[in-house]
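Peer 1: Below is one structure. I have some questions about it.
The values are calculated or read from the model by the stated rules, or taken from the named source; none is laboratory data. Keep in mind it's a predicted model, so treat the numbers as computed, not measured. Quick reminder, even Gly has a Cβ in these numbers, built from the backbone with ideal geometry, and neighbours come from all protein chains shown. Ligands, DNA and RNA are stripped out before the accessible areas are found, and what is left, the full protein with its side chains, is counted by its heavy atoms. Shrake-Rupley method; radii C 1.70, N 1.55, O 1.52, S 1.80 Å.
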Amino acid sequence: MIYHFSLQMAALVAGAILCLFGAIGFAMEGSARSMLARFPRSRGAGIVLLAIGLVWSFWLVFTMEMGEFSAFRRPFLFALPIGFLLTLRYVDEFLAVRALGILALLVAEPLLDAAFFHYESSRLVLTVLAYLLVVLGLIWVMVPYKLRDQINWFSKTTARWRGVSVFGFAYGATLIALAFLSY
């Protein structure tokens, strides 16, 4: 185990983040929609998110047990910052979306790790979120314009936007409730 989060802590953190985004999306609908519409092409957001991904990946490679691949630790530690700089230099299109996809892939692992070896069927609520993050992360890294299309679809009508915001808040509230009642 790389991460040492309990299932309760993982559900609380994930639920709080989902509730926060859902509440912001519902309460500040106009500004949240316009900010989210600008996000895919935001270079500043891309640099910040990619830097977070770099630090997280560097920490993982530095601390994790690599077994028979431990001889590759040092080359990986050198390759990560070089890859970061090359990405900043040559990947201008949808950098923020690709970096968000990388973070989604990195976030999924602690959630799955926390649910590992727990046999309550309620753990699947968190596991579904983790696998959704994996699928979305892969899509956003490989086909980044899909996030722009998803944002346009969610933002097309007020009812869709509010529905997605309420769903995110309700899913987060469910995770928080499960953290206190079941985990």
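Peer 1: Counting heavy atoms of the protein chains only and a 1.4 Å probe, report the per residue accessible area for the stretch 127-167 as a whole number of Å².
Peer 2: 63 Å²
Peer 1: Right, something else. Could you go through the stretch 53-65 in sequence order and give the Karplus-derived ³J(HN,Hα) for each residue, using 6.51 cos²θ - 1.76 cosθ + 1.60 with θ = phi - 60°, rounded to whole Hz, and x for Gly and Pro?
Peer 2: Going residue by residue, I get x, 5, 4, 5, 5, 4, 4, 4, 5, 5, 9, 7, 7 Hz, with x marking Gly and Pro.
Peer 1: For a quick check of your reading of the filter: which GluC sites (Glu not before Pro) in the stretch 34-112 sit in a DSSP loop and have no more than 16 other Cβ atoms within 10 Å?
Peer 2: E65, E93
Peer 1: What percent does the relative contact order of the chain come to when contacts are Cα pairs within less than 8 Å and at least six residues apart?
Peer 2: Worked out over the chain, it gives 43 percent.
Peer 1: Going by a ≥ b ≥ c, the root eigenvalues of the Cα gyration tensor, does the chain fall in the rounded group (a/c under 1.5), the prolate group (a/b larger than b/c) or the oblate group?
Peer 2: oblate
Peer 1: Rounded, prolate or oblate: pick one for the stretch 110-183, where a ≥ b ≥ c are the square roots of the eigenvalues of its C-alpha gyration tensor, a/c under 1.5 means rounded, and failing that, prolate if a/b is larger than b/c, else oblate.
Peer 2: Since a/c reaches 1.5 but b/c is at least a/b, the shape of the stretch 110-183 is classed as oblate.
Peer 1: Right, next: How many nm separate the modelled label positions at M35 and T158, each set 7 Å beyond the Cα in the direction of the Cβ?
Peer 2: Distance between label points: 2.1 nm.
Peer 1: Could you state the orientation-averaged shadow area of the convex hull built on the Cα atoms of the stretch 1-91, in nm² to one decimal?
Peer 2: With every direction weighted equally, the projected area is 8.0 nm².
Peer 1: How high is the FRET efficiency from A71 to R148, r the C-beta distance, R0 41 Å, rounded to 0.05?
Peer 2: 0.50
Peer 1: Would you work out which of T87, M64, L12 lies farthest towards the positive end of the dipole of the chain, given +1 charges on the beta-carbon of Lys and Arg and -1 on that of Asp and Glu, about the Cα centre?
Peer 2: T87
Peer 1: If the only charges are +1 at each Lys and Arg Cβ and -1 at each Asp and Glu Cβ, what is the size of the charge dipole of the stretch 35-166 around the Cα centre, to the nearest 20 debye?
Peer 2: That gives the stretch 35-166 a dipole magnitude of about 680 debye.
Peer 1: Only loop residues by DSSP count here, and only those with at most 13 other Cβ atoms within 10 Å; note down the chymotrypsin sites (Phe, Trp or Tyr not before Pro) in the stretch 61-127 that meet that.
Peer 2: Sparse-neighbourhood loop chymotrypsin sites (Phe, Trp or Tyr not before Pro): F116, F117, Y119.
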